[in-house]
1. Go through (1) aliphatic (A, V, I, L, M); (2) surrounded by fewer than 24 Cβ atoms within 10 Å (Cβ to Cβ); (3) within 14 Å of ligand 1 (Cβ to nearest atom) for Val117 and report which single condition fails.
2. Looking only at the range 410-445, which residues are assigned to a helix (DSSP H, G or I) and open to solvent by 50 Å² or more (accessible area, probe 1.4 Å)?
3. How many residues does the range 56-65 contain that are in a loop (DSSP other than H, G, I, E, B) and either modelled with pLDDT under 95 or more than 27 Å from the chain's Cα centre (by Cα) (or both)?
4. If you go through the range 446-458, how many residues are open to solvent by less than 60 Å² (accessible area, probe 1.4 Å) and part of a loop (DSSP other than H, G, I, E, B)?
5. Tell me which residues, restricted to the range 77-112, are more than 16 Å from ligand 2 (Cβ to nearest atom), in contact with a Leu (Cβ under 7 Å, 6 or more places away or on another chain), open to solvent by 10 Å² or more (accessible area, probe 1.4 Å) and part of a helix (DSSP H, G or I).
6. Looking at this structure, is Gly129 at pLDDT 95 or above, within 16 Å of ligand 2 (Cβ to nearest atom) and among the small types (Gly, Ala, Ser)?
7. Could you tell me whether the range 89-97 includes any residue that is within 16 Å of ligand 1 (Cβ to nearest atom), closer than 22 Å to Pro7 by Cα, in contact (Cβ under 8 Å) with a residue 12 or more places away in the chain and of a type in the set (Phe, Trp, Tyr)?
8. Take the conditions under 18 Å from the mean Cα position of the chain (by Cα), in a loop (DSSP other than H, G, I, E, B) and of a type outside the set (Val, Ile, Thr) and apply them to Tyr263. Does it pass?
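The values are calculated or read from the model by the stated rules, or taken from the named source; none is laboratory data. A quick note: this is a predicted structure, and the numbers were derived from the prediction, not measured. Every residue, glycine as well, gets a Cβ built from its backbone with ideal geometry; the counts of neighbours run over all protein chains shown. To get the accessible areas, we keep the full protein, side chains included, count just its heavy atoms, and leave off ligands, DNA and RNA. Shrake-Rupley method; radii C 1.70, N 1.55, O 1.52, S 1.80 Å.
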Amino acid sequence: MTQARSPIRSFEEFREYSLWYLHDVGLNVPDLLENEYKIVLGPVRGETIPFGDYAGTPKWKAPSEFPKGEWNGRDIHQILSNLANIQGDTEFGSNEQQVGLWDSAPSDYDRKILMSVIKEEFRHGWQMGWFATETLKTDHAFLTAKTLLERRSGRGANARLLGAFNNPITDWIGMYCFLEFMDRDGGSQLSLLQDSSVMALSRSMTFMLREEAKHLRSGQQGFERMLAAGKLPVDLLQKYVNLFAPLGYDLHGGERSTNALIYYKLGLKGFYPAQRGQDYTGERARDYIDPHLYEDLLHREANSAAYSYQFLDLRLGGALRDINKELLNAVTVTFYKRTLEKHFADFNRIIETAYPAGTPKMVLPSIRWHRAEPSTYAHERYDIHGAPIATEREYEAYRLANLPGPADAERLQEVFATKDWIAPPEADVYKELTHTKPGDDVFFRTVFGTKRRSRYTKRLPDAAGGAAPDPAASAAEAAPAKAAPAENLWSFMDREAGA
Ligand SMILES: [Fe+2]
Ligand SMILES: [Fe+2]
């Protein structure tokens, strides 16, 4: 395929283009334009690659040190630029999903959370643009950087790559669900990349994770505050949870994924680093994979003919470190779910004090419920507890009754009108924005200011009109497989890799 040459060939140009982006998506408000953005490379835990085929050798500091070869038909440059493409796409995409919430913020505190999250996600998008333009520097990477700023959440052929980043977030329950469930997957992915074999990625994660921790805390706190106020019907919040939890599971990728295996081999992503300084990989595999998932993986392996994936040779019987590395997403999603289980125990304690006795508790849905491709559970019918539902008809009725619908929107308008439907915070998560620390290297410090206009507004004629410049030649090239609305994280990669 012939590839359009990107006019964005350095971070300087990406930075200039990102000013056009801020104006184009309506993020050209003083608070954002006067904020300082920077590229930060933090210290890393180790200089050597901790896992995979290159374990024990020094992390790669420049592309000239990358291994040569092909993995599922792609070289490491392409694998990395796709990774930057997807990671960066989610950062900018979430900004576009959240921008409409400004006016409906229930309090100044919530508005401050929104603005802080947008600032930091924009910076994360920058960090990926920097990685593409200043580390990778291939034609594919330059095009990736350009399209990161040209795709738009929910915009047809020019949409963001993953379905979860194309659904508009229309209210503040959705916002806190997004931070608690979707952003938390972002946290999982960044955690995996912090030990990456590629030094620039590994060093990028240090500061990103410091920022991300506040997004996640804001989401958890949002739930605590909504429940503490005691106004929001718990059954209604449960419906939001039923919608968002499986999207969060899906974002972790297929439970069996050849990409996970390739990432492991290349040392890009490995076992989830949940227990610092403590190697849990020698423990029993069955203790680190969600019980429903563990049971189902064993069943599928034993009955592989009945399933579309080949569940062979999973090596689940022994130590975690010996499992088939195609199952690494199953381990990561388990850590994610266990964190949420702890939060839900706290949420239910709040319900006991803030709601009348007998109010039903909240349920964190089973990993089986309402899953989409590339999950092994896609197209299967379960309820939120993980019990099978016999017929398509029963399942449709169950889905309608347990996901947010038009009648709920009306009930919500009444709740939102009460104003005190969400309690004030006990502590301010954003008392300060995230600071750099000694040991961090900081580049490209930028305050755009409200007066400055991007030179790309003139150079790319369509830009001023709001449409992305030349989307057909750019988005289509960097993302040849256009996202379908229901697509989920890594399915783009899985499909590209022919998995
Ligand atoms: Fe982010
Ligand atoms: Fe985030």
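1. (2)
2. Glu410, Arg411, Gln413, Glu414, Ala417
3. Count: 2.
4. 4
5. Passing the criteria: His77, Trp102.
6. No; evaluated as a whole, the condition is false for this residue.
7. Checked against the condition, which is being within 16 Å of ligand 1 (Cβ to nearest atom), closer than 22 Å to Pro7 by Cα, in contact (Cβ under 8 Å) with a residue 12 or more places away in the chain and of a type in the set (Phe, Trp, Tyr), the range 89-97 yields at least one hit.
8. Spelling it out, it is not the case that Tyr263 is under 18 Å from the mean Cα position of the chain (by Cα), in a loop (DSSP other than H, G, I, E, B) and of a type outside the set (Val, Ile, Thr).
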